[in-house]
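Q: Take this structure first; my questions come after.
The values are calculated or read from the model by the stated rules, or taken from the named source; none is laboratory data. Everything numeric in this text was worked out from a predicted model, so none of it was measured. Don't worry about glycine lacking a Cβ; one is built from the backbone with ideal geometry, like all the others, and counts go over all protein chains shown. Note: accessible area is taken over every heavy atom of the protein model, side chains too, but ligands, DNA and RNA are not part of it. Shrake-Rupley method; radii C 1.70, N 1.55, O 1.52, S 1.80 Å.
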Amino acid sequence: MSIPVDVADLNTALADFGAGYLLTVSPGGRVKAVTVEPRITDGRLVVTGPGRGSVANVGANTLVTVLFPPLAQRGYTLLVDGEASVDGDDVLVVPSGAVLHR
């Protein structure tokens, strides 16, 4: 079951979740997942210091997903897809879509 989330409402939706996972893809096609606690600033998810591997992956492929697992068993997972850019050691994600999925 999926419930669309308006990207304008992400700040409200994120209040129901804890840490998430930034999912990036290497030039060789491998998925990298790192734990992150992004904040929303100016409509973007700001991922502070996800690490050199994630930053390198974003440099090669800007499409990312940020996955927020449910806090309660059998709860909804929040998936946020977007286009990322690198800002120093940080990654900025402009959300293109979001969904609550179970």
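Q: Kindly indicate which of Arg30, Arg102 is free of Cβ contacts under 8 Å to residues at least 12 places away in the same chain and open to solvent by 30 Å² or more (accessible area, probe 1.4 Å).
A: Details: Arg102 fails: free of Cβ contacts under 8 Å to residues at least 12 places away in the same chain.
After applying the criteria, what remains is Arg30.
Q: In addition: Yes or no: Val58 surrounded by 16 or more Cβ atoms within 10 Å (Cβ to Cβ) and in contact (Cβ under 8 Å) with a residue 12 or more places away in the chain?
A: Criteria met by Val58.
Here is a yes/no grid of residues against (1) out of contact with any strand residue (DSSP E or B) (no Cβ under 7 Å at 6 or more places or on another chain); (2) open to solvent by less than 40 Å² (accessible area, probe 1.4 Å); (3) within 20 Å of His101 (Cα to Cα):
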site: Asp16; (1), (2), (3): yes, no, yes
site: Val25; (1), (2), (3): no, no, no
site: Asp42; (1), (2), (3): yes, no, no
site: Val47; (1), (2), (3): no, yes, no
site: Gly51; (1), (2), (3): no, yes, no
site: Thr65; (1), (2), (3): no, yes, yes
site: Gly82; (1), (2), (3): no, yes, yes
site: Gly88; (1), (2), (3): yes, no, no
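Q: I'd like the full set of residues that are open to solvent by less than 40 Å² (accessible area, probe 1.4 Å) and either hydrophobic (A, V, I, L, M, F, W, C) or part of a strand (DSSP E or B) (or both), limited to the stretch 67-80.
A: Hits for the stretch 67-80 are Phe68, Thr77, Leu78, Val80.
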